[in-house]
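The values are calculated or read from the model by the stated rules, or taken from the named source; none is laboratory data. Because the structure is a prediction, the values reported are computed rather than measured. As a convention, Cβ positions derive from the backbone with ideal geometry for all residues, glycine included, and neighbour counts pool all protein chains shown.
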Amino acid sequence: MTELASSRTARRIGRGLLAIVVAFPVIWVLFIASGTSFGPAVSDPKDFLITLLNGITAAALYFVVASGFTLIFGLMRVVNMAHGAFFLLGGYIALDIQRNMVGGGGGLGLSSAQVGLSQWLLPLLAAAAIVGGVGLLMQQLFLRWNQGQDLRQALITIAVSIILADQMLAHYGGIAKDISWPRTFDKFVNLHVSGVQYTFTRLVILIIGIAIGAALWLWLKRTRTGMVIRAGVDDRDMVSAMGINIQLTFAIAFLVGSALAGMGGVIGGSFASLAPGVDANWLLNSLVVVIIGGMGSLGGAAIGALLLGLTTNFAAAYLPSDYTFYSIIFTFVLLAIVLAVRPLGIFGRPA
Amino acid sequence: MTLDRSVGLVFVVVAVLAPLIFSDYWVATLLTQALFLGIVAASLIFLSAYGGMVSLAQVGIYGIAGFALGNLTTNGNTKGLNLGWAEAPGVLVALLIAVLVALLFGALANRSYGIYFLMITLVFSVIANLFFGQVTSVSGFGGISGIPIPDFISRTAHPDRLYLATLAIAGLVYLALRYVARTPFGLTLQGIRDDPVRMSSLGYKVALHRTLAFTFAGFIAAVGGILFVWWNAQIAPSTIGLGATIDVLVIAVIGGLFQLEGAWLGALVFVLLNNYAQDVSFIGDRFHTLIGLVFLVIVLVSPSGLMGLWQRAVAGRPRAERADSAEAAGPAGLKPAG
Amino acid sequence: MAALRGTRRTPVAAAVVAGIVALAVAACGESDNSGGSKSTTSAAPANTSTQAPAAAEAPAPQKAVAPRTGTGTPIKVGVLSDCQGAFGSFDNQDLAGVVSAMSQFAGAKPKNPNKPRDGWTGGAIGNHPLKLVGIGCSDDRADTAIRETRRLMEQLDADVMIGPLSGDESIAVANYAKQHPDKTFVDGSAGAQDTTLKVQAPNFFRFNGDGAQWNSGLGDIAYNKLGWRKAAVISDDYSFGWTSAAGFIADFCAAGGQVTKRVFPPLNTTDYSSYAQQLPADVDGTFVAVGGAGLIPFLKAYEQAKGPIDAKKFMGNLFWGTPGQFEQLGPRVAGAYIGSAGTAGDLATPAAQDYANNIIGKWFKKIPPGGAAAPQAPSTFTYGYYVNTWGLIKGLEAVKGDISGGQKKLQQAIGKVVLPAPYGEIKLDENRHAVFTNYDQQLYLKNNKLAVKTVAAIPNVDQTFGGTFSKSTPAPGRKFPGCEKRSLPWLGKAQAVKVDQ
């Protein structure tokens, strides 16, 4: 009895604290924001809006990458630690293809004026397909025969990521490179709100993120394979006991999940750059998103991505200038809060 | 005396006599490094073998202890807080800070199991790394160098003393971990590893237990961190980056994830590989690929690492004193979803 | 697992190279630097026919010594370079510098003219053979550098070491050196200020410059040539970014400018949009000391926040001119002035051409992965390792190769070495750090591709910036140096340079 009552008060206190912790930053950003570059949102709505858009568009990319990770985990319980390496690999492959298509070799940085739409889309699709294939290969060679041994599989993917990262360093070198947006995207769009002009490239990222989300949702909810995957996420043994070819489904899911990582790499390489170390960053990003959102949940990946994107962008913009380097703490605090309240993530379920 | 015990004894004797047998470089650099890395790996293996929790946060905690010591004891450096404390209080406070952080991490992760636990602890380590990389008042990217070490084990004056001190501490750590595993606390922990639900229904506070076990392992890792800083005289965020975190996991796996002895065996193999792989001509710069391959092979062939291979080789001899169910059952939550 | 660590900014390390853009400024040491000579600099590739006064000061080409070997006790040499990590691709450039110096001045010979990393054979000073005992492979991290240093100095028992490559590694190595006073260390190409200014190890010598020195002269260009009065600075939030920015700030404020805003994105930033947004619109220009993997994302984020980049409103540090890197920046930055790392690949003096063609280009045909050797001679890595090795050799010559007695005499001798180096004479100050000629450069479009040219030479650049930096001042940081009008010894003394087309 006492335990029930005390846990209830504990929960109430917890919720109260949570409310304060969430409300304070919101109030700060909207009304106070002293010592920052922009000032509070009520007096500078333009910068607030831009930061909000930055956060949302960043979230779209986080979602694309994390969705692949969570799909693989949800169905196969495989923590694919090579996900970041796949991201980087996709970026590098697309880079090579783009540079070859545009010509003028010698590995020179391109300006978007030189790049047509097809010279961005084709590398995107090709890289995604190739990386999907690489993922599938890894799954068939190393992960197919030891299902259920989660830790062992995680270790195998770690080993693969070490090898991949070193080989990419050997082939592509340590200098940062980037993929060029096509000229069709590289322009500003007038949003007609508070005089905000926003770059179309980031809106493209948002559009792609939404499209991928919709496509995945449709696939999972409306197709037979998707239905099998959802069932498999719920109860793998039952699915295979019912005679469904679960191995084929696993293979497809791994292919799609890795392809998403590769696609994310192309986008990430376009808006930022590709260099050794990027793989580790994106693995971390995917992990954080999926931990927050819950493993195996697409909706969770979307929420997690949104939270992460908004947190990182608002922390960077609205912390007082002397404290910008604490922005990483905010990611940690976000994680800590979610874990304290929901140890399996917002939409997570136990194994 | 069993075969295990005699082999173990041989190792111990060789370790104690190492300054007489091996070159200075071997003793001061390679073997000392293997010893303190082994301590950190042992904290990981303790948690995984007896607690069923594979934690990647050990390196983060080891780093926090090291950075704390660096900040407290340096003086006149351009980096860090430069508090200029004496060694003894510095070490105590550094350990305390690391243990408190371990408590915090443990509390956050105590309701997560298996692979979730692995991922969350990995994120802890990486955030610790990023924290020290970005908060320039306590470290910054370059880290803190020129950290003083206690005079009585200074490397230049008494090159073997650090090795012997590390050896003694490693021995104590090993004995302590074996002992704790047999106390009621340790037995409860193993029970939680095997079946948390049943333990909870028996009235044990599972979450609290796991937090305390994690904190204890954090303390061990912190000890390793102090020794590391004394050995290296410097610490940087890259010491506890994703690479370093994975390295300790590699060590634990190579040695044997469910045997405490595996910690030091794995550390020795790793240190030697790291040191000599570059000299092999066709490997040269690509020694990371080699390490990745070795790791892959071991995981594919013998998931219980080298200690597992050893035990299979001498199969049939009594295993009474092992954490027996450890290997058979595997850490909870890592079994097939059921 | 070095490759899987978090993104590192490329610390110091000489990345620069590229040519130095010759500033066509009043030649005869006039202190009038009004940017009246407008377009001569930016538009026309300058084969400026101004009389560069330094004809007498221009170092002469160096002759090679005859090959020789020795029979006495060997001097064991270790070399530490980065073969992994962000600067791993420059490994062979580093070794090319070392081996070329050994071959040119100590009678050695490269083992493989297509692969510098294979080392050298032969070579001797005063009948003591120079034996290469090992080449360490670091990855830009201080821990790895220390581990490799230990391996070279303790396991392989080297007497002297050349290296490391990057800034934070060098601070760690300098601290190690302090604990081992009976061995001698010369830098490779690392440019962290603290290594010599603060650590002051009596047995660590550096013949290359630091990150702040590499930006000397830019403030002058900004104020007088480009007419900037107010500037913003954005730099990586760690020591090298601050040091690089500090060089510009000290220079620009000394010339009379004001730095009104400083933005410091943390390391591991991938999304610079918020930081680009924070850069004010009401400044005349922005100095960018964001390096490594962050430079391109920053430039893109800037364009996406504020529109196309006007190169006249930007200045960069050495990262903008790193060969292999700057080509990735794209034509958007053509026209921007940048700092260098003390080298000027297009300098038209006989010594500079000789260095590239008859020294580096003679001993090596190829430096992988880049290709032909001679064009890679002006790389900061090649040059840095070259001058440091040369300084070591000269010191050894002064003591006739005798390194007994705890190497004290050698260390004293190296401190007195003056190098008639191809890009300008180099001497050491009382902290054993280089005083040298720096160069400022400019990016431009040549056949529609981005290229770098040298525009000005700044003689006698020392580490203290006329007293701005010393052992007792704070290290460069977010607030230091402040923006004050100081007197810099080289303000207004920039010289024109003759460059090749």
Subject >> Sole residue being part of a loop (DSSP other than H, G, I, E, B), in contact with a Ser or Thr (Cβ under 9 Å, 6 or more places away or on another chain) and over 19 Å from C:Phe248 (Cα atoms), chosen from C:Val497, C:Val452 >> reply: C:Val497
**OP:** For segment A:162-182, enumerate the residues that are surrounded by fewer than 24 Cβ atoms within 10 Å (Cβ to Cβ), at the interface with chain B (Cβ under 7 Å from one of its Cβ atoms) and either among the aliphatic types (A, V, I, L, M) or assigned to a loop (DSSP other than H, G, I, E, B) (or both).
**Re:** A:Ile163, A:Ala170
Subject >> Count of segment A:310-328 residues which are in a helix (DSSP H, G or I) and buried (at least 18 other Cβ atoms within 10 Å of the Cβ) >> reply: 13
Subject >> Residue tally, condition on the phi > 0 side of the Ramachandran plot, within 14 Å of another protein chain (Cβ to nearest Cβ) and touching a Leu at 6+ places or on another chain (Cβ under 7 Å), over segment C:135-169 >> reply: 0
Original post:
within 14 Å of chain A (Cβ to nearest Cβ), closer than 27 Å to B:Gly133 by Cα, in contact (Cβ under 8 Å) with a residue 60 or more places away in the chain and surrounded by fewer than 24 Cβ atoms within 10 Å (Cβ to Cβ) - does that describe any residue in segment C:300-323?
Top reply: no
Original post:
Of everything in segment C:152-193 that's part of a loop (DSSP other than H, G, I, E, B), under 25 Å from the mean Cα position of the chain (by Cα) and of a type in the set (A, V, I, L, M, F, W, C), which residue is farthest from C:Leu130 (Cα to Cα)?
Top reply: C:Ala192
**OP:** Considering only segment C:170-192, state which residues are of a type outside the set (A, V, I, L, M, F, W, C) and away from every other protein chain (no Cβ under 11 Å).
**Re:** C:Lys183, C:Thr184, C:Asp187, C:Gly188, C:Ser189, C:Gly191
**OP:** Say whether the condition of being more than 11 Å from chain C (Cβ to nearest Cβ) and in contact with a Pro (Cβ under 8 Å, 6 or more places away or on another chain) is met by at least one residue in segment B:168-183.
**Re:** no
Original post:
Considering only segment C:457-467, how many residues are surrounded by 14 or more Cβ atoms within 10 Å (Cβ to Cβ) and over 20 Å from the mean Cα position of the chain (by Cα)?
Top reply: 0
Subject >> Residue ID - farthest from the other protein chains (Cβ to nearest Cβ), chosen from residues in segment C:324-333 that are closer than 24 Å to C:Gly85 by Cα, part of a helix (DSSP H, G or I) and not aliphatic (A, V, I, L, M) >> reply: C:Phe326
Original post:
Conditions: (1) hydroxyl-bearing (Ser, Thr, Tyr); (2) more than 10 Å from chain C (Cβ to nearest Cβ); (3) touching a residue at least 12 places away in the same chain (Cβ under 8 Å). A:Ser321 meets all but one. Number of the miss?
Top reply: (2)
Subject >> First in segment A:134-147 and over 15 Å from A:Ile252 (Cα atoms), second anywhere and aromatic (Phe, Trp, Tyr), Cβ under 9 Å, 6 or more apart >> reply: A:Gln147/A:Phe250
Subject >> In segment A:267-293, the residues that are aliphatic (A, V, I, L, M), more than 9 Å from chain C (Cβ to nearest Cβ) and either under 30 Å from B:Ala109 (Cα atoms) or surrounded by fewer than 24 Cβ atoms within 10 Å (Cβ to Cβ) (or both) >> reply: A:Leu287, A:Val288, A:Val289, A:Val290, A:Ile291, A:Ile292
Original post:
Counting residues that are of a type in the set (S, T, N, Q) and farther than 22 Å from A:Met295 by Cα, which helices (runs of 4 or more DSSP H) fully inside segment A:203-272 reach at least 1?
Top reply: A:246-271
**OP:** Give segment A:192-201 a look and list any residue that's touching a residue at least 12 places away in the same chain (Cβ under 8 Å) and surrounded by fewer than 15 Cβ atoms within 10 Å (Cβ to Cβ), or say none.
**Re:** A:Val193, A:Ser194, A:Gly195
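Each row is one residue, and each column tells you yes or no for (1) within 10 Å of chain C (Cβ to nearest Cβ); (2) touching a Gly at 6+ places or on another chain (Cβ under 9 Å); (3) surrounded by fewer than 24 Cβ atoms within 10 Å (Cβ to Cβ); (4) among the charged types (D, E, K, R).
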| site | (1), (2), (3), (4) |
| --- | --- |
| B:Ile235 | yes, yes, no, no |
| B:Ser238 | yes, yes, no, no |
| B:Gly241 | yes, yes, no, no |
| B:Thr245 | yes, yes, no, no |
| B:Val250 | yes, yes, no, no |
| B:Val253 | no, yes, no, no |
| B:Gly256 | no, yes, no, no |
| B:Glu261 | no, yes, yes, yes |
| B:Leu268 | no, yes, yes, no |
Subject >> Subset of segment B:2-56 [closer than 30 Å to B:Ser112 by Cβ, modelled with pLDDT under 95 and hydroxyl-bearing (Ser, Thr, Tyr)] >> reply: B:Ser48, B:Tyr50, B:Ser55
Original post:
Taking segment B:96-127 as the region of interest, how many residues are surrounded by 22 or more Cβ atoms within 10 Å (Cβ to Cβ), within 16 Å of the chain's Cα centre (by Cα) and more than 7 Å from chain A (Cβ to nearest Cβ)?
Top reply: 5
**OP:** Kindly indicate whether any position in segment A:28-48 is among the basic types (Lys, Arg), free of Cβ contacts under 8 Å to residues at least 60 places away in the same chain and out of contact with any Lys or Arg (no Cβ under 9 Å at 6 or more places or on another chain).
**Re:** no
**OP:** Go through segment C:388-413 residue by residue and tally those that are surrounded by fewer than 24 Cβ atoms within 10 Å (Cβ to Cβ) and under 18 Å from the mean Cα position of the chain (by Cα).
**Re:** 0
Original post:
Limited to segment A:69-102, what total is found for residues that are in a helix (DSSP H, G or I) and more than 15 Å from A:Asp279 (Cα to Cα)?
Top reply: 16
Original post:
Got a sec? Which of A:Ala154, A:Ala159 is in contact (Cβ under 8 Å) with a residue 40 or more places away in the chain, within 24 Å of B:Ser55 (Cβ to Cβ) and facing chain B (nearest Cβ under 10 Å)?
Top reply: A:Ala154
Subject >> B:Gly142 being assigned to a helix (DSSP H, G or I), under 30 Å from C:Tyr238 (Cα atoms) and either modelled with pLDDT under 90 or away from every other protein chain (no Cβ under 12 Å) (or both) >> reply: no
Original post:
On the given criteria, is B:Ser55 part of a loop (DSSP other than H, G, I, E, B), touching a helix residue (DSSP H, G or I) at 6+ places or on another chain (Cβ under 6 Å) and among the hydroxyl-bearing types (Ser, Thr, Tyr)?
Top reply: yes
Original post:
Which one of the conditions (1) surrounded by 24 or more Cβ atoms within 10 Å (Cβ to Cβ); (2) more than 19 Å from A:Leu136 (Cα to Cα) does A:Ile244 fail to meet, given that it meets all the rest?
Top reply: (1)
**OP:** Could you identify the single residue in C:Tyr423, C:Tyr385 that is surrounded by 19 or more Cβ atoms within 10 Å (Cβ to Cβ), closer than 14 Å to C:Val186 by Cβ and within 22 Å of the chain's Cα centre (by Cα)?
**Re:** C:Tyr385
